[in-house]
Every structure is written in C-alpha cells, then in structure tokens.
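The next block holds one structure in the form of structure tokens; read it before the comments.
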Amino acid sequence: MSSDDAQQAEPGGEDQGRTVRVVLVDDHRMFRAGVQAEIGRTEVTRVEVVGEAADVDQAVTVITATRPEVVLLDVHLPGGGGVEVLRRCAAMMADAERPVRFLALSVSDAAEDVIGVIRGGARGYVTKTITGTDLVNAVFRVADGDAVFSPRLAGFVLDAFASTDAPPVDEDMDRLTQREREVLRLIARGYAYKEIAKQLFISVKTVESHVSAVLRKLQLSNRHELTRWAAARRLV
C-alpha cells in the first residue's frame, strides 16, 4: 500500500463529514503500524483506528470494548484464527442497532481461507496488495453493509457459493486451528522446524507443539504420514 494513496482517499458526498471507527487485528506489529500510518489519518481519510490486537483473545476484548463499525481482520492469528474471532463476535455482528462488520485483510488468497471467513460472517475479503485508497473505500463500503472483495476473488467467491460442487467440508481439517494448518502445509512441503519458525515468526518449540497437536488430531504417527495425508488432499 502507498501512503500517497491514503492521502488522496476522500470519501465523497455525504460521507465527507463522517468518520468510520476501525479496529486492526493482525499478529504482525509492523503491518499494523503500516496500516495505521496509511489509513489512520482521520482528518484525511475519515478513518479512526480505535484499537489493535495481535491474537484472538486480544481481538475479542478490544472489539467488545470499542464496538467499532469495521474490523480489519487477518485470517491467520494465534489462538484459532480469524474464523474464531468471527465466531466469538457473532452477537455483535448480529446487533441490529450497532453491528460490528468484518473485512478480512490477508496475504492469503487460498480458497479455504476465503470461504471460511465469509461463511463465518465477514462482509468481504481483500488481500494485502490493496492500495491505501481502495482500502479506505472498502472500509466505508463495509461500514454501509456492502460486500467487498479483491477483484480476483470476487468471481471465485460467487462461483464457490453458487456451485453445487463447492468444496465439501473436511471434518479432519476443521479440527485444526488456522496456525496448525499453516504448520501442516509447511511440514508437508519439507520445511525444517527452524525454517517454519522463522517464516511464521514463532519459536521452534511452538512449531513442535503445533506438529504434535496436528498429529494427534489427525491420528497420524509421523511427518511422513502427515505429508501423504496432505498430498492426498492437494494441500502441498
């Protein structure tokens, strides 16, 4: 995203005097700081960042305390992922008087991530390649109740929900948290624990804990069985 884009973002017409309150949920502090710097200039963008969170528990606490109009939600979060945040905030999303609306903002464009958060109640899904201007506009549109998707994802989402052969629910995968799924894919692709830790910004010990949890939940014995399991589901 470009800071120049954010400076040029001016919601027009009736929206010019209106401010939308936003909470940022992402486990990368530097990314949150970047988004804050680009869209959080309230006098220019009319977006006010009222809170931040780095994991599921923090997110639920901050959202409950601030009751923003829009939450920018990362899909992959410690504690259960964006889907878990949506589940725990379902009552606030359904509030007819002051609904809290969610817009997924993620580096991932994987089918299961997109469909998962949309089924969970998010109003849209955009990738982190979005410009500052487009993100500000997306925030206002979601605040108004519109559905917003990155162009490449819009057709995919419509097809997935309209098609009778949409991907079936995988009960085994549903047992895994978002972080466990990330670790699963990387293990299946042959990454070493140290490489996974570096890529996901977690400790090697945490990687080991996630692998143990995945093996237990899937009733597998070792990483070779795990790799075969993932390959059979085309997750590699």
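The values are calculated or read from the model by the stated rules, or taken from the named source; none is laboratory data. Because the structure is predicted, anything quoted here is derived from the model rather than measured. With ideal geometry, Cβ positions are generated from the backbone for all residues, glycine too; neighbour counts draw on all protein chains shown. Surface areas here come from the heavy atoms of the whole protein model, side chains and all, with no ligands, DNA or RNA. Shrake-Rupley method; radii C 1.70, N 1.55, O 1.52, S 1.80 Å.
Computed values, structure above
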quantity	calculated
Single condition GLY116 does not satisfy, out of (1) assigned to a helix (DSSP H, G or I); (2) under 15 Å from the mean Cα position of the chain (by Cα); (3) under 18 Å from ALA37 (Cβ atoms)	(3)
Verdict on ALA96 being more than 15 Å from the chain's Cα centre (by Cα), open to solvent by 20 Å² or more (accessible area, probe 1.4 Å) and modelled with pLDDT under 95	yes
Subset of the range 188-223 (residues that are among the basic types (Lys, Arg), surrounded by 13 or more Cβ atoms within 10 Å (Cβ to Cβ) and closer than 18 Å to GLY79 by Cα)	LYS217
Any hit, the range 174-184, residues being under 19 Å from GLU84 (Cα atoms) and surrounded by fewer than 17 Cβ atoms within 10 Å (Cβ to Cβ)	yes
Residue match in the range 2-19 (condition: modelled with pLDDT of 90 or more and buried (at least 19 other Cβ atoms within 10 Å of the Cβ))	no
Residue check for PHE102: more than 26 Å from PHE201 (Cβ to Cβ) and among the aromatic types (Phe, Trp, Tyr)	no
Residues (without any contact (Cβ under 8 Å) to a residue 60 or more places away in the chain, β-branched (Val, Ile, Thr) and part of a helix (DSSP H, G or I)) located in the range 41-77	THR42, VAL44, VAL56, VAL60, THR61, VAL62, ILE63, THR64, THR66
Filter result for GLU171 (at pLDDT 85 or above and farther than 30 Å from ARG41 by Cβ)	no
Residue list for the range 224-233, filter: more than 14 Å from GLU182 (Cα to Cα) and either surrounded by 14 or more Cβ atoms within 10 Å (Cβ to Cβ) or basic (Lys, Arg) (or both)	ARG228, TRP229, ARG233
Within the range 85-98, tally of residues that are touching a residue at least 12 places away in the same chain (Cβ under 8 Å) and assigned to a loop (DSSP other than H, G, I, E, B)	2
Pairs where the first residue, in the range 196-214, is within 12 Å of GLU180 (Cβ to Cβ) and at pLDDT below 90 and the second is assigned to a helix (DSSP H, G or I) and open to solvent by 20 Å² or more (accessible area, probe 1.4 Å), C-beta under 7 Å, 6+ apart	LEU200/GLU182
Any hit, the range 40-47, residues being modelled with pLDDT of 95 or more and within 19 Å of the chain's Cα centre (by Cα)	no
